[in-house]
Amino acid sequence: MADGFTTTRSVPMPVRWGEKRYHSLDYALKSQFGEKVYRIALNGGMTCPNRDGKIGRGGCIFCSGMGSGDFAGSASFSICEQLAAGKAALQAKRPVHSYIAYFQAFTNTYAPVEYLEKIFTEAILDPDVQVLAVATRPDCLSHETVELLRRLNQIKPVWIELGLQTIHPQTARYIRRGYPLEVFDDAVVRLKAAGIQVITHVILFLPGETEAQMLKTIDYLNCNPIDGIKLQLLHILKGTDLARDYARSPFHIPDMDEYIRCIGNCIAHLRPDIVIHRLTGDGPKDLLIEPQWTGAKRTVLNHIHQYLKKQDIWQGKEYYG
Ligand code: SF4
């Protein structure tokens, strides 16, 4: 092109992410709120249409009995009580006073909108809560729910976390995700039109997926107006159908080096404005069958950081948007 701007130039190493080579959530939160903000996992007492029979009965093949909310509070307590308990637990370790109210367990928009309004308002009005974060499925976002989220977003930032996991239909069928890719695309468009931040959950090393396929998922998301991403290595948890399949016919589980190489590639391909909320999983130790090495989360993160530096990789280095 005459102006020298071509689509074949990668993104230069920016200096704006602090000491990290990627756009970390920690950095984004400190930039926005001027301090570290801590997540409190909440349980709104909802279930999931992929478990109660509306869409399916078994749930996603990797999902634990706690609906991927193994660290969330107990639904037998009110949201205020769960927040108080979460704050007390965090404050026992360090002096903190800024929080993300994170509705984590199961599908957190799978309830009448009046109930959602009650529990989300309870959380967002807590003066120490800076952000309302809600994990859900893209097929559980009615017009009324998005409108509620839009109103709440006027009070404090609202983040919606969508469990996509993969763009590939064959894998999506195997993991029993229960909705096609177009439903995700439509939800992102509607949430963004309502001014809401969208975070997408992606699982790496799903059975049968090659690294090229994983990078296709990243490339696809680069073309979507998402704000954040959670990258997580597949965990095989006790009691899941995935664990049953693995016992019958073990599939490939990467070791730490292979995972780090792959995550380095994903980071290099990822659009630089997308905030990385997670680079490794932290599944419940008592349920984790494989990969056992992920239990040492701090070690894994340190190795990722060392690898990025050694290979001179940064977020967007291979992004040609
Ligand atoms: S949508 Fe979430 S809660 Fe529901 S089965 Fe899948 S992982 Fe579990």
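What follows is calculated from the coordinates using simple rules that are stated; it is not laboratory data. Note that this is a predicted model, so its numbers are computed, not measured. Virtual Cβ from ideal backbone geometry, glycine too; neighbours counted across all protein chains shown.
Tabulated results
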{"item": "For Cys63, Cys80, Cys223, order by how many other beta-carbon atoms lie within 10 Å, fewest first", "result": "Cys223, Cys80, Cys63"}
{"item": "Burial order of peptide ranges 140-146, 248-254 (average beta-carbon count within 10 Å, highest first)", "result": "140-146, 248-254"}
{"item": "Length-normalised contact order for the chain - Cα pairs under 8 Å, 6+ apart - percent", "result": "20"}
{"item": "Summed side-chain charge close to Gly178 - residues other than Gly178 whose Cβ falls under 9 Å, Lys, Arg +1, Asp, Glu -1", "result": "+2"}
{"item": "Residue list for the range 258-277, given a label point 7 angstrom along the Cα-to-Cβ vector of Lys156 and an amide N cut-off under 14 Å", "result": "none"}
{"item": "Least to most buried among Glu122, Glu182 (fewest other Cβ within 10 Å first)", "result": "Glu182, Glu122"}
{"item": "The range 25-310 - share of DSSP beta bridges that are antiparallel (%, nearest 5)", "result": "5"}
{"item": "Hydrodynamic radius (Kirkwood) for the chain, which is based on Cα pairs only, to one decimal in Å", "result": "20.4"}
{"item": "Isolated Cys in the chain, by beta carbon distance under 4.7 Å", "result": "Cys48, Cys80, Cys140, Cys223, Cys262, Cys266"}
{"item": "Straight-distance crosslink candidates among lysines, where the alpha carbon sits under 17 Å from Lys93 and sequence neighbours closer than 8 are dropped", "result": "Lys36"}
{"item": "Footprinting exposure proxy for Glu117, Glu19 (fewest neighbouring C-beta atoms within 10 Å first)", "result": "Glu19, Glu117"}
